[in-house]
1. Among the candidates W70, W86, which residue alone is of a type outside the set (V, I, T) and either in contact with a Leu (Cβ under 8 Å, 6 or more places away or on another chain) or at pLDDT 95 or above (or both)?
2. Checking A18 against (1) at pLDDT 60 or above; (2) exposed (fewer than 10 other Cβ atoms within 10 Å of the Cβ); (3) hydrophobic (A, V, I, L, M, F, W, C), which test does it fail?
3. Return the pair list, or none, for Cβ contacts closer than 7 Å from residues in region 55-78 that are surrounded by 18 or more Cβ atoms within 10 Å (Cβ to Cβ) to residues that are of a type in the set (D, E), at least 6 apart or on different chains.
Amino acid sequence: MILALPFSVAYRRSALTAHPGWNPVDVEVIGTRVVTAYATGAGEAKPATLYYRAEAEVRYIAGGSPFDVWLPASRPTPDRAELEMWLSDKKGRFATVLWNPKRPGEGEVKLHSDIGSHFAEFD
């Protein structure tokens, strides 16, 4: 049970929130990565805290235009190891992109696992 706790914490921290009015489209994931999102708290007495974010490369058509872009797939978190563990469970090839109808190249990715249907983990 102790091993499940960090995963559940990482999942809650890493899950994105939906944007009202953004359009969903099911896509195939080309690749995933963990990137540095930003740093905070740098000063003379303490080092900066780095925050990391998962991203997914996806291809989709939105507003009549094709897009091949890296989009955020998680919220920023200072714990890279937990984020990588969360991302390793999402090695599925399918995802849902929520794209902004005002700027179709802007969006967020909801990753799915390969367990069962590719819609199994859509929340």
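The values are calculated or read from the model by the stated rules, or taken from the named source; none is laboratory data. Bear in mind the structure is a predicted one, so any value in this text is a computation, not a measurement. Cβ placement follows ideal geometry from the backbone for every residue including glycine, while neighbour counts extend to all protein chains displayed.
1. Numbers: W86 fails: either in contact with a Leu (Cβ under 8 Å, 6 or more places away or on another chain) or at pLDDT 95 or above (or both).
Exactly one residue qualifies, and that residue is W70.
2. A18 satisfies every listed condition except (2).
3. Listed by first residue and then by second, the contacts come to L71/E55; L71/E108; A73/E55.
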